[in-house]
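Colleague: First the structure, which I've put down as structure tokens, then a few questions once you've had a look.
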Amino acid sequence: MKELLRNIVANDYLHSKWLNTLSFMENCGARKISACEELSFTNIIQLKHAAEEHRHAYYLKKQLQKLNVPGFEYYTKSNLLAGYSSIQYLNRLDVAVCRYLKELINLEGSSLKYASYLFVTYAIELRADELYPIYQEVLTEHQSRVVVKSIILEEEGHLEEMIMQLQRFSKDWEFHANEILLLENELFHAWVIQLKNEVIEEKNNRNVLAQ
């Protein structure tokens, strides 16, 4: 992953697409958290997570401006790295987790929505906990003006809060979480393949233009 990010950060156009993609995913996560809220029984942690994910989306958009590459005002598919896979990533994970929870724990309705929020958010926070520090290392290597240190600190806090909520939800949460992490891992690696393909395609295009 580090080598892939090095290739992305070295190219301002690809880097802009990457930042826009991360911003999209943070925004998508915030919207999914809000969609899982019960009107009368939303707790403070859910509100905090939704607010912070929205702030991350905004922060990454602001960081994108440091690269001074025009055309990234919106989250159109062409403005995202691995556009289709990036757009479908969280939706696919959400569907897979809901199916798992329905079949294995017999959940439905609001209970299913809340459990899906817990497990999907846990899987995504665990992934963010791995991805953002690597990205920051690469940014530091390149002496980039883009910085994501503040997001790293907040994502660490999110992960701790999700674990506490999952512990309250079920004594068997770790078993189910490990199964769900396998689902997320499969989606993640498919997404990374698409990212690599787009980076290679961009490099080839640049080489053709340079000839």
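The values are calculated or read from the model by the stated rules, or taken from the named source; none is laboratory data. Quantities reported herein were computed from a predicted structural model and do not represent experimental measurements. Note that we place each Cβ from the backbone using ideal geometry, even for glycine, and neighbour counts take in every protein chain shown. In case anyone asks, the SASA skips ligands and DNA or RNA and just uses the protein heavy atoms, side chains included. Shrake-Rupley method; radii C 1.70, N 1.55, O 1.52, S 1.80 Å.
Colleague: For residues that are in a loop (DSSP other than H, G, I, E, B) and of a type in the set (Ser, Thr, Tyr), scanning just the range 67-78, find the one that is surrounded by the fewest Cβ atoms within 10 Å (Cβ to Cβ).
Modeller: My answer is Tyr74.
Colleague: If you don't mind, there's one more thing I want to ask. Given the residues Leu183, Leu112, which is the only one that is out of contact with any strand residue (DSSP E or B) (no Cβ under 8 Å at 6 or more places or on another chain), assigned to a helix (DSSP H, G or I) and either under 28 Å from Asn7 (Cβ atoms) or open to solvent by 50 Å² or more (accessible area, probe 1.4 Å) (or both)?
Modeller: Of Leu183, Leu112, the one residue that is out of contact with any strand residue (DSSP E or B) (no Cβ under 8 Å at 6 or more places or on another chain), assigned to a helix (DSSP H, G or I) and either under 28 Å from Asn7 (Cβ atoms) or open to solvent by 50 Å² or more (accessible area, probe 1.4 Å) (or both) is Leu183.
Colleague: Only one of these is touching a helix residue (DSSP H, G or I) at 6+ places or on another chain (Cβ under 7 Å), assigned to a helix (DSSP H, G or I) and open to solvent by less than 20 Å² (accessible area, probe 1.4 Å): Leu81, Leu64. Name it.
Modeller: Leu64
Colleague: Ile151 versus (1) of a type in the set (Val, Ile, Thr); (2) open to solvent by 10 Å² or more (accessible area, probe 1.4 Å); (3) not in a loop (DSSP other than H, G, I, E, B): which is the lone unmet condition?
Modeller: That leaves (2) as the condition not met.
Colleague: Also, I was wondering about something else. Can you tell me how many residues within the range 15-41 are at pLDDT 95 or above and in contact with a helix residue (DSSP H, G or I) (Cβ under 6 Å, 6 or more places away or on another chain)?
Modeller: Counting residues in the range 15-41 that are at pLDDT 95 or above and in contact with a helix residue (DSSP H, G or I) (Cβ under 6 Å, 6 or more places away or on another chain) gives 8.
Colleague: What is the one condition in (1) assigned to a helix (DSSP H, G or I); (2) closer than 26 Å to Tyr58 by Cα; (3) touching a residue at least 24 places away in the same chain (Cβ under 8 Å); (4) open to solvent by 80 Å² or more (accessible area, probe 1.4 Å) that Arg145 does not satisfy?
Modeller: All conditions pass for Arg145, except number (1).
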